[in-house]
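Working notes, structure below.
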Amino acid sequence: MKKSWVLSIIMSFVLLGGVFAPAGSYAAAADDSTTTYSEDEYYEVDTSEDEPELTADEEDFLNYLDQLDSASVYEEKAFNALGGGFYITSSNRKSVYLKLTNTAIPNYTKYVSKLKLIKPQNAELQKIHANLIKGSYTQLEGFQLAKKAVSKTTVNSTVLKQANAKIDTGKKNIEKFHKEISAYANKLGYDF
């Protein structure tokens, strides 16, 4: 990702430099009354030599990141509905229940389903991805327990504690995923 980005920047400067640098030669050509133009001249830029071929692991990693990116839309919708976290009281119980029922749980369920469909080819990346699935699924279970805890007119504090414990366990697995994926990206030469 970063290697091709750097190459794109360099190519942009090279191409822009080609537009601005020969301005003096155009001015000199304007003084010359005879201008020659040949349609036979054709310039082709071959960048394949400049950009190294991606290894199978790098290709798999970049595909994996693309798939994660498309799945993360649902995760973002779920967390935006919850407002980054929720403190449940008897006065906001019903609104939390509606947020969980109508937006957060359906979107987070789609997110987890999309994660389960991602199948990296690399064994190491598969193990790392398994932590993300495990953590996300555990958090989904926590959200479902939280919904159950606020479904009645009084908040069930026992079930709510279980929900918070599940969500915390899920967070730990997701944090482990982030550490491992960052180390894996660095191993491949990417800043993550």
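Couple of notes before you dig in:
- Residues of the range 156-192 that turn out to be among the hydrophobic types (A, V, I, L, M, F, W, C), within 24 Å of the chain's Cα centre (by Cα) and within 17 Å of Y87 (Cβ to Cβ), as a count: 1
- The residue of the range 146-191 that is farthest from Y97 (Cα to Cα), among those that are among the polar types (S, T, N, Q) and touching a Gly at 6+ places or on another chain (Cβ under 9 Å), is N173.
- Residues of the range 57-68 satisfying the condition of being in contact (Cβ under 8 Å) with a residue 24 or more places away in the chain and out of contact with any Pro (no Cβ under 9 Å at 6 or more places or on another chain): D57, E58, L62, L65, L68
- Matching residues in the range 69-124 - criterion: being basic (K, R), surrounded by 14 or more Cβ atoms within 10 Å (Cβ to Cβ) and either closer than 22 Å to T153 by Cβ or in contact (Cβ under 8 Å) with a residue 40 or more places away in the chain (or both): R93, K99, K114
- Test: residue in the range 126-145 that is aromatic (F, W, Y), assigned to a helix (DSSP H, G or I) and open to solvent by 50 Å² or more (accessible area, probe 1.4 Å): yes
- The range 52-68 - residue that is in a loop (DSSP other than H, G, I, E, B) and either open to solvent by 80 Å² or more (accessible area, probe 1.4 Å) or touching a strand residue (DSSP E or B) at 6+ places or on another chain (Cβ under 7 Å) (or both) and, of those, modelled with the highest pLDDT: E53
The values are calculated or read from the model by the stated rules, or taken from the named source; none is laboratory data. Nothing here was measured: the structure is a model prediction, and the numbers come from that model. Positions of Cβ are generated from backbone atoms using ideal geometry, with glycine treated the same way; all protein chains shown enter the neighbour counts. Remember, those area values only see protein heavy atoms, side chains included, never the ligands or the DNA or RNA. Shrake-Rupley method; radii C 1.70, N 1.55, O 1.52, S 1.80 Å.
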